[in-house]
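The values are calculated or read from the model by the stated rules, or taken from the named source; none is laboratory data. Everything quoted here is computed from the prediction, not taken from an experiment. Please note: Cβ atoms are built from the backbone with ideal geometry, for glycine as well, and neighbour counts cover all protein chains shown. When the accessible area is computed, the model is the full protein with side chains, heavy atoms only, and any ligands, DNA or RNA have been set aside. Shrake-Rupley method; radii C 1.70, N 1.55, O 1.52, S 1.80 Å.
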Amino acid sequence: MKTVFFLSLGLYAAATLIQLAGAFGKWEKVKKTAWAVFLLGFLAHLVYFVWRGLVAQRLPLASQFEFACGFALCIPVVLLVARTRVNADWIATAGMAATALLMGYAATQRMEITELMPALRSFWFNFHIGAAALSYSAFLVAGVVALRYVLQHRKGESADSLRMKQLEQLSYRLVALGFLLLTVVIVIGAVWAEAAWSAYWTWDPKEVWALITWIIYTVYLHLRLRRQKSDLWLSWYVILAIPAFLFTFAGVNKLIPGLHSYG
Amino acid sequence: MKKVFSVLQSMRFANLLLALVALLCGLSSLLPQGRELPFYAANYPETYTLIYRTHFYDVFKSWYFILLLGLLCLSLVLCTVRMFRKALGWKQERERAAVLPNAESLAPGQLEDLRRYMASIRCREEKTESGYLFTKNSLGRWGVFLLHLSILLVVAFGVCALALPKVTDRDCRPGESITMEDGTVIAVDSFTMENTSGQLDYASVIRITLPDGSQSAPQEVKVNYPMTFGSTKVFQWTYGVGGSIQARNRTDGTEQSFELDGAAFLSSDGLTGLQYLGIYEAAPQEGEDGESYVFYRVRVVSNGTMMPEMETLPGESVTVGDWDFTFREPYYPGLRIKQMPFPFANSLLEAAFVLLLVGMFLCFYLQPVLVKADETGYTVAGPRPEKMRTELRRLWQKQEEKA
């Protein structure tokens, strides 16, 4: 079944390249082909994810490999939702590249299916990890949309144009979704921590970095609510916030040992 | 004083505090937190003085971090009060919106299109003196208030949940019990390390007797599944392994228990007795069937003469002179006992969590809509009008494209 995983990785990578070629050459048919290849990759990815879940008899999000795989799976889902709002090719290009890169990262991790350790055998496991994967995907796509905004601005498009307003709002809505889900992750994590470790909060590095990410997006939401900063400024903020949640996702596990170091 | 209040409840001040909290949290990752001071002296000899003076070894308990949190809570209280007033003023906001000048103009006939569109997105239409007022999601005005209030409650109850309970870690052999300071007794009936499907799973069956005499039924506690009885919560925390031998004198019936961490000689006269050498695990060879098991390695000593070493399994007995030595299960659980100030103390915090999520949902997904319109134009009012403005612009653009 590893073949299916690598097939989806290959399809994502191919879709990214075709999309880039289509974008440079402004060939609409090529871009449509890229999207079709990307969807095929998503289908293969979904099959692999479901198969892995059936074999493991749990939601396959327990290790770094599985989480990266699940995180990458959520990006096409969020992209599909985003496309119903703004059908901008560039968002798809960056989204495809991000999915391929994440799958590439997953491929460098240990892939074997392991038995869930007792600490992870909990009712809260699926909700906590599933919400985290969706939350990170929403933040990532929000960053991609914000990048599109910045590029359009550089091309000279007015900040008052309908498309720019839509892009900014889509970015905000994705951040709001990611923020809500991150809050769910933190809340469920706290309840789970109380059941497992007897305390709701232990200042474990993963908890600390989830809090940092939460604060970073809280400041964004405050600034946007007050409209004290321009849409361009806010878009840059969303782009620059990407490393924060990426570090919470991968960096903490790799660099700072803690209670969340499960593999 | 007014100026101080104005600063404290400003969003800029809140953002500054949040940024500082995030910065300190980030900096705390540079160093393992909350260890004993000698650890830092040994591992960071060059910067140890700085680490010690700035309390950088435990940032989250430092005076400056607690001060920041205190200021943040103060700011949050003031913001919550402000949001409450704002939410209460919804009626006035509607009245103000009804007399606002138009921000966008409408072509003849477009008012009907607007009314149709507002009906399609389930807005409530009210006829006013000058035109129409469309409203939707008025419940959403409580979102920001609830969100701030719930964060405040989470912090308050969270601090209580971390500080008030009394937490004790205790080991207990199956068949024995632990008596707490207040008289609560926790008895361990059994301890297993595997579940029925052979998976690693630490589980103890325990009973709790409260000081007032009320007793719980036996219940299994596992990792992630603690047992709560009254205000006592028991967690499956760790496990230990060590020799446990019960000695019984056949002549007078006296009994003695020995919990052994290392080799020992169990004898009443120093000449005859049982020499305990240790506990070992036997695993099947590769390709062989069977499961691994633990056994005791012991040696009988009779009048100073050492017999050959022997292996015995838990549950078996050996007789030496007047004494019967019974070998008990070597594994025992380590339990964490959390005594809360009162039953359901955790429920308050969990209720605050629910309120937080409800507030957030109202805030993001039930944003109040307030649109005033007449024959000549319309204006979008309310706390967050951008989304509605863009949607209406999209509507007119679609109409233009169709035309």
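Report the local net charge at residue B:229: Lys and Arg +1, Asp and Glu -1, summed over other residues whose C-beta lies under 12 Å from its C-beta. With Lys, Arg at +1 and Asp, Glu at -1, the net is +2. Once the C-beta distance of residue B:92 and residue A:28 is scaled by a Förster radius of 41 Å, the resulting FRET efficiency is 0.20 to the nearest 0.05.
Any of B:91/B:136; A:254/B:338; A:254/B:166; B:61/B:166; B:61/B:233; B:86/B:136 with alpha carbons more than 22 Å apart? Name them for me. Intermediate values should be presented prior to the final figure.
Numbers: B:91/B:136 13 Å; A:254/B:338 32 Å; A:254/B:166 34 Å; B:61/B:166 18 Å; B:61/B:233 26 Å; B:86/B:136 17 Å.
Check vs 22 Å cut-off fails for A:254/B:338; A:254/B:166; B:61/B:233.
Residues whose amide H lies under 5 Å from that of residue B:334, counting only those 5 or more places away or on a different chain, are B:237, B:238, B:239, B:240; hydrogens are built 1.01 Å from N in the peptide plane.
Hey, if you put +1 on the Cβ of every Lys and Arg and -1 on every Asp and Glu Cβ in the range B:243-331, which of B:253, B:296, B:282 ends up farthest toward the positive end of that dipole? Projecting each Cα onto the dipole axis, the largest value belongs to B:253.
A 1.4 Å probe run over the protein chains yields, for the range B:1-85, 63 Å² of accessible area per residue, whole-number rounding. Measuring nothing but protein heavy atoms, the accessible surface of the range A:1-111 at 1.4 Å probe radius is 72 percent carbon and sulfur.
Averaging Cα coordinates gives a centre for the range A:90-122 and one for the range A:210-263; these two points are 19 Å apart.
With 10 Å² as the minimum drop in accessible area between chain alone and full protein complex (1.4 Å probe), the qualifying residues in the range A:224-260 are A:224, A:225, A:226, A:227, A:228, A:256.
Ranking request for peptides B:384-391, B:314-321, A:34-41: highest mean number of other beta-carbon atoms within 10 Å first, then the rest in descending order. Could the numbers behind the result be given before it?
Details: B:384-391: 17.1, B:314-321: 14.4, A:34-41: 19.6.
In descending order of packing, they fall as A:34-41, B:384-391, B:314-321.
Just report the Cα centroid separation between the range B:1-40 and the range B:289-350, whole Å. Taking the Cα centre of the range B:289-350 as reference, the centre of the range B:1-40 is 49 Å away. In this structure the amide hydrogen of residue B:128, modeled in the peptide plane, comes within under 5 Å of the amide hydrogens of B:133, none closer than 5 places in sequence on its chain.
Using a 10 Å cut-off on Cβ to Cβ distances, tally the other chain neighbours for every residue of A:191-203 and report the average as a whole number.
Shielding by partners across A:191-203 averages 6.
Taking the square roots of 5 times each eigenvalue of the Cα gyration tensor of the range B:243-331, largest first, gives ellipsoid semi-axes of 26, 14, 11 Å. Around the amide H of residue A:159, modelled in the peptide plane, lies no amide H under 5 Å away from a residue 5 or more places distant or on another chain.
Using alpha carbons only, how many angstrom separate the centre of the range A:41-73 from the centre of the range B:52-102? Rounded to whole Å, the Cα centres lie 41 Å apart. Solvent exposure of the range B:313-403, expressed per residue, is 45 Å² of accessible area, with all protein chains present and a 1.4 angstrom probe. Think of the protein assembly as shown as having a plus end and a minus end, set by charges on the Cβ of Lys, Arg, Asp and Glu; of A:239, B:197, B:219, A:239 sits farthest toward the positive end of this dipole. Computed 3J(HN,Hα) for the range B:95-103, one whole-Hz value per residue from the Karplus formula 6.51 cos²θ - 1.76 cosθ + 1.60 where θ = phi - 60°, is 5, 5, 4, 5, 10, 5, x, 5, 9, glycine and proline marked x. Taking all protein chains as they are arranged and a probe of 1.4 Å, the heavy atoms of residue B:51 leave approximately 10 Å² accessible to solvent. Principal axis extents of the Cα atoms in the range B:2-87, from largest to smallest and rounded to whole angstrom, are 56, 22, 16. Within 10 Å of the Cβ of each residue in B:373-379, the mean number of Cβ atoms contributed by other protein chains is 0.
Please give the FRET efficiency for residue B:311 paired with residue B:199, using the beta carbon to beta carbon distance and R0 = 30 Å, rounded to the nearest 0.05. Don't jump to the answer; show the numbers that get you there.
Values: r = 28 Å, r/R0 = 0.92.
About 0.60, to the nearest 0.05.
Counted residue by residue at 0.36 nm each, then reduced by the alpha carbon distance between them, the extension gain from residue A:2 to residue A:47 reaches 15.1 nm.
Once the chain from residue B:401 to residue B:46 is taken as fully extended at 0.36 nm per residue, the excess over their C-alpha distance is 120.7 nm. Is chain A rounded, prolate or oblate when judged by the Cα gyration tensor, a ≥ b ≥ c being the square roots of its eigenvalues, rounded requiring a/c under 1.5 and prolate requiring a/b larger than b/c? The shape class here is oblate. Convex hull volume per residue, computed on the Cα atoms of the protein assembly as shown, equals 232 Å³.
Sequentially through the range A:6-20, phi angles give Karplus couplings (6.51, -1.76, 1.60; θ = phi - 60°) of 5, 5, 5, 4, x, 5, 4, 5, 4, 4, 4, 5, 4, 4, 4 Hz, Gly and Pro residues having no value and appearing as x. Computed from backbone phi with θ = phi - 60° and the Karplus coefficients 6.51, -1.76 and 1.60, the 3J(HN,Hα) list for the range B:10-20 is 6, 5, 4, 5, 4, 5, 4, 4, 4, 4, 5 Hz; x is used for glycine and proline.
Just to be sure I understand: if you take the accessible area of chain B alone plus chain A alone and subtract the pair, with a 1.4 Å probe, what total do you get in Å², rounded to 100? Mind showing how you got there, number by number?
Values: alone 24640 and 12890 Å², together 32990 Å².
Approximately 4500 Å², summed over both chains.
Note on residue B:329 and residue A:260: with the Förster distance fixed at 35 Å, the Cβ-Cβ geometry gives a FRET efficiency of about 0.60. Rounded to the nearest 20 debye, the dipole magnitude of the protein assembly as shown is 4780 debye, with +1 charges on Lys and Arg beta carbons, -1 on Asp and Glu beta carbons, and the Cα centre as origin.
Among B:167-179, B:68-80, how do they line up by average Cβ neighbours within 10 Å per residue, starting with the highest?
Details: B:167-179: 15.5, B:68-80: 17.7.
Packing proxy ranking, top to bottom: B:68-80, B:167-179.
Our summary gives chain A a relative contact order of 18 percent, counting only alpha carbon pairs under 8 angstrom and 6 or more residues apart. Taking the 1.4 Å solvent-accessible surface of chain B as the whole, the part contributed by carbon and sulfur is 56%.
For residue A:229, a cut-off of 22 angstrom between C-alpha atoms picks up these lysines, skipping any fewer than 8 places away in its own chain: A:155, A:165, B:387.
Go through A:126-134, B:214-222, B:345-353 and give me the packing order, highest mean Cβ count within 10 Å leading.
Values: A:126-134: 21.0, B:214-222: 14.8, B:345-353: 17.7.
With the highest mean Cβ count within 10 Å placed first, the list reads A:126-134, B:345-353, B:214-222.
Over the Cα atoms of the range A:1-111, the radius of gyration divided by the Kirkwood radius equals 1.00; this is the Rg/Rh ratio.
Identify the residues of the range B:354-368 with backbone N under 18 Å of a label point that sits 7 angstrom from the Cα of residue B:159 along the Cα-to-Cβ direction, or state none. Taking a point 7 Å out along Cα→Cβ of residue B:159, no residue of the range B:354-368 has its backbone N under 18 Å.
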